[in-house]
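Asker: Structure in structure tokens, see below.
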There are 2 protein chains.
Amino acid sequence: MSSIDGFWAVVPCGGAGTRLWPLSRSGSPKFLHDLTGSGRTLLEQTHDRLAPLVEDRFLVVTGDAHSEAVRKQLTSLEESAVWAEPSARDSMAAIGLAAAVLERRGAEVMGSFAADHVIDDPQLFGETVRRAVAAAREGWLVTIGIEPTFASSAFGYIHQGEALPGLEGAHRVVEFVEKPSVPVAEEYVATGHFRWNAGMFVVRPTVLLDLLGERDPDFAATLRAIAADPTRLPELWETLPRIAIDHAVAEPAAAAGRVAVVPGAFGWDDVGDFDSLAGLIADRHQLAVLGDAGLLHTDGATGLVVPGSGRIVAVIGLDDVVVVDTPDALLVTTRDRAQDVKSVVAALKDKGRQDLT
Amino acid sequence: MSSIDGFWAVVPCGGAGTRLWPLSRSGSPKFLHDLTGSGRTLLEQTHDRLAPLVEDRFLVVTGDAHSEAVRKQLTSLEESAVWAEPSARDSMAAIGLAAAVLERRGAEVMGSFAADHVIDDPQLFGETVRRAVAAAREGWLVTIGIEPTFASSAFGYIHQGEALPGLEGAHRVVEFVEKPSVPVAEEYVATGHFRWNAGMFVVRPTVLLDLLGERDPDFAATLRAIAADPTRLPELWETLPRIAIDHAVAEPAAAAGRVAVVPGAFGWDDVGDFDSLAGLIADRHQLAVLGDAGLLHTDGATGLVVPGSGRIVAVIGLDDVVVVDTPDALLVTTRDRAQDVKSVVAALKDKGRQDLT
């Protein structure tokens with residue numbers, strides 16, 4: 001398989017992943033970690049998955065604090081492939097800046113893929129992206145919709161409409177819907193017409209910027225001004241609205257009938273919390289271990305253990321437990337309560353313990 | 001209250017407390033630790049409780065490996081008050097050696113009290129010991145029987161018989177019984193005639209040695225030989241039988257009608273495992289914390305947490321959990337499984353990790 005002509009990968013690296021504390025920290029967010037025990041970090045895996053499709057046509061957008069770490073992990077990238085945001089201004093600013101830069105570089109199509117997701121079938125992923133690029137070349141804002149494997153209440157959904165003639169696998173998007181309750185999710189999945197929204201967008205840079213400009217001309221103009229003169233980035237960046245690309249562009253464009261979805265049948269997970277991580281590493285009734293299993297002594301326990309400080313960890317008689325042992329902080333919780341880990345991070349921040357968050 | 005004339009306290013310091021791993025180690029057994037957060041170790045608390053009764057008339061018997069640590073904690077004791085066993089040979093050898101030494105020193109009565117028990121009312125304890133000493137002066141082997149507060153299956157019981165005329169609070173012992181099942185324990189407690197066996201013996205040294213000598217003359221003679229010439233300790237010690245004082249003396253003497261029990265109404269616990277320790281520190285539906293509570297972040301958790309490494313410990317959504325964080329080992333289990341902690345210690349020994357046990 002050859003790479004896709006004129007196609008660039010945009011990789012926004014943002015988000016601290018506070019629900020994966022104490023593994024993930026604001027100073028060392030989850031995309032920098034090997035969370036699946038594969039030997040590669042989530043960022044490296046994202047690069048590995050996309051490189052066959054784009055060769056070296058990458059544009060990574062990350063926070064100032066992480067640009068050094070990103071460059072260290074992605075050594076094959078040129079200096080100009082990594083853009084550092086002066087501050088976090090949500091996904092529209094990050095992806096929009098990439099669009100403006102790539103528009104000037106003459107990219108035909110860009111695809112934006114988060115740096116911290118796990119995908120289990122790179123081959124099928126690649127084929128799906130090719131279909132999405134084909135639709136994007138025709139002017140669509142294309143999203144890749146993950147075929148749901150269960151009625152998750154943790155993800156937003158894409159309501160898939162009629163097939164688009166002449167574009168293999170592509171369908172019109174009826175609407176994007178927010179994270180539903182489990183009963184509503186069950187109804188969605190039963191219809192066969194709903195896909196998980198993985199935040200993957202494939203689009204011509206100019207199409208994306210013009211869709212943005214229709215609703216917020218200043219926003220699009222500022223992004224293009226930065227791309228035209230990158231020395232103005234620090235000055236102009238702080239004037240950009242903080243808004244997610246979903247609200248700024250994807251949802252209104254879907255309402256206008258201008259968004260397509262290409263279903264993806266590959267396994268996907270956003271590794272949102274330790275429950276999700278445990279499920280990626282082992283079956284429900286097993287004990288998932290991330291790290292040196294030789295440090296672990298266990299008897300009658302299931303869940304997830306991360307022996308991450310070099311110390312012996314003994315876990316006896318707990319089901320669905322989550323134990324994360326790091327050199328300066330220890331977390332003990334359950335898979336059911338995995339979402340509540342962020343409250344610890346909030347409490348530590350309140351106490352002025354930025355060193356731990 | 002003055003001290004009790006001619007009365008000496010014997011404190012055998014033995015037992016690693018493997019069910020309290022990783023707090024308690026063979027190199028640092030539980031009596032050396034402040035397990036209740038009182039600011040005093042269990043050994044120091046034992047000393048504090050007995051000192052009003054005996055002033056400086058202490059005799060501590062401990063393992064060679066711990067005699068230095070014992071002396072450091074009990075700085076008021078003279079050199080001759082601490083005897084180091086060349087090897088662990090169970091309680092008859094340890095307490096019997098103390099009896100032989102005290103017989104030569106002219107002690108009238110000795111009382112043996114483990115170094116690692118917790119007692120909540122030192123005043124009532126003292127009054128109980130005074131009654132026991134009074135009975136011991138009359139030639140009885142006296143045990144203090146704890147009034148049971150629930151039908152525990154973790155302790156042996158003392159079956160209490162008729163009152164002994166003229167000896168306040170003292171009763172004849174019908175028999176000692178082994179740890180019962182819970183239903184049997186319930187029957188015991190319902191009768192009102194059974195007490196917990198806390199292993200506390202009060203007796204004239206000569207009476208104890210003579211009771212031993214009736215069944216094993218060599219054992220008693222060897223103990224007296226060591227006391228007569230302590231330089232022979234290393235040579236003679238290894239010839240002593242390994243047997244508990246209960247089997248060697250207390251049970252046969254009870255069968256012969258020569259043992260008395262004085263009931264003790266003070267709160268008592270042998271801190272046998274983390275379930276017991278949790279119960280000592282907090283109520284069942286609370287979270288007991290042993291150590292710096294400022295290191296702990298908790299939400300919806302009950303049980304016991306020991307933040308003992310200086311690290312932040314976050315515990316979310318677990319009932320009756322036990323989390324023990326030390327610099328080189330971490331334990332996560334439940335109060336129900338507290339007895340199984342010893343299996344971790346056994347497994348670590350099998351792996352040659354004596355450094356951790």
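Asker: With the requirement that a residue be farther than 14 Å from B:ALA135 by Cα and touching a helix residue (DSSP H, G or I) at 6+ places or on another chain (Cβ under 8 Å), what does the range B:160-176 give you?
Answerer: B:VAL174, B:GLU175, B:PHE176
Asker: Give the range B:55-80 a look and list any residue that's of a type in the set (A, V, I, L, M), over 18 Å from the mean Cα position of the chain (by Cα) and within 28 Å of B:GLY267 (Cβ to Cβ), or say none.
Answerer: B:LEU77
Asker: So for the range B:270-284 (the condition being within 22 Å of the chain's Cα centre (by Cα), away from chain A (no Cβ under 14 Å) and among the acidic types (Asp, Glu)), does at least one residue qualify? Reasoning before the result, please.
Answerer: Restricting attention to the range B:270-284, the residues satisfying the condition of being within 22 Å of the chain's Cα centre (by Cα) are B:270-282.
So of that shortlist, the ones also away from chain A (no Cβ under 14 Å) come out as B:270-272, B:276-282.
Still in the list and also among the acidic types (Asp, Glu): B:270.
Looking through the range B:270-284, at least one residue is within 22 Å of the chain's Cα centre (by Cα), away from chain A (no Cβ under 14 Å) and among the acidic types (Asp, Glu).
Asker: How many of the residues making up the range B:219-265 are closer than 16 Å to B:ALA93 by Cβ and among the polar types (S, T, N, Q)?
Answerer: Of the residues in the range B:219-265, 2 are closer than 16 Å to B:ALA93 by Cβ and among the polar types (S, T, N, Q).
Asker: In the set B:VAL289, B:VAL313, B:VAL344, which member is more than 11 Å from B:PHE274 (Cα to Cα), in contact with a strand residue (DSSP E or B) (Cβ under 7 Å, 6 or more places away or on another chain), at the interface with another protein chain (Cβ under 8 Å from one of its Cβ atoms) and modelled with pLDDT of 95 or more?
Answerer: B:VAL313 is the lone residue from the list that is more than 11 Å from B:PHE274 (Cα to Cα), in contact with a strand residue (DSSP E or B) (Cβ under 7 Å, 6 or more places away or on another chain), at the interface with another protein chain (Cβ under 8 Å from one of its Cβ atoms) and modelled with pLDDT of 95 or more.
Asker: Sort out which residues of the range B:139-151 are under 15 Å from B:ALA265 (Cα atoms) and not in a loop (DSSP other than H, G, I, E, B), and write them in order of number.
Answerer: Correct list: B:THR143, B:ILE144, B:GLY145, B:ILE146.
Asker: What residue, among those in the range B:316-335 that are facing chain A (nearest Cβ under 7 Å) and touching a residue at least 60 places away in the same chain (Cβ under 8 Å), is farthest from A:VAL322 (Cα to Cα)?
Answerer: The extreme case among them is B:ASP328.
Asker: Only one of these is touching a residue at least 24 places away in the same chain (Cβ under 8 Å) and not in a helix (DSSP H, G or I): A:ALA154, A:ALA98. Name it. Steps first, please.
Answerer: Values: A:ALA98 fails: not in a helix (DSSP H, G or I).
Testing whether each residue is touching a residue at least 24 places away in the same chain (Cβ under 8 Å) and not in a helix (DSSP H, G or I) leaves just A:ALA154.
Asker: A further question follows. Hey, could you check the range B:292-310 for residues that are closer than 16 Å to B:LEU331 by Cβ and at the interface with chain A (Cβ under 9 Å from one of its Cβ atoms) and say which is surrounded by the most Cβ atoms within 10 Å (Cβ to Cβ)?
Answerer: Looking at the filtered set, the residue picked out is B:VAL305.
Asker: Looking at B:ARG131, B:ARG104, can you tell me which residue is of a type in the set (D, E, K, R) and within 22 Å of B:ASP246 (Cα to Cα)?
Answerer: From the options B:ARG131, B:ARG104, the qualifying one is B:ARG131.
Asker: Identify all residues within the range B:24-39 that are crowded, with 23+ Cβ neighbours inside 10 Å and in contact (Cβ under 8 Å) with a residue 60 or more places away in the chain; write none if there are none.
Answerer: Across the range B:24-39, the qualifying residues are B:ARG25, B:PRO29, B:LYS30, B:PHE31, B:LEU35.
Asker: A further question follows. Hey, any hits in the range B:106-116 for a residue that's outside any loop (DSSP other than H, G, I, E, B), of a type in the set (A, V, I, L, M) and over 24 Å from B:GLU251 (Cβ atoms)?
Answerer: Within the range B:106-116 (the criterion being outside any loop (DSSP other than H, G, I, E, B), of a type in the set (A, V, I, L, M) and over 24 Å from B:GLU251 (Cβ atoms)), the answer is no, since none of the residues qualifies.
The values are calculated or read from the model by the stated rules, or taken from the named source; none is laboratory data. Keep in mind it's a predicted model, so treat the numbers as computed, not measured. Glycine gets a Cβ as well: all are built from the backbone with ideal geometry, and neighbour counts include every protein chain shown.
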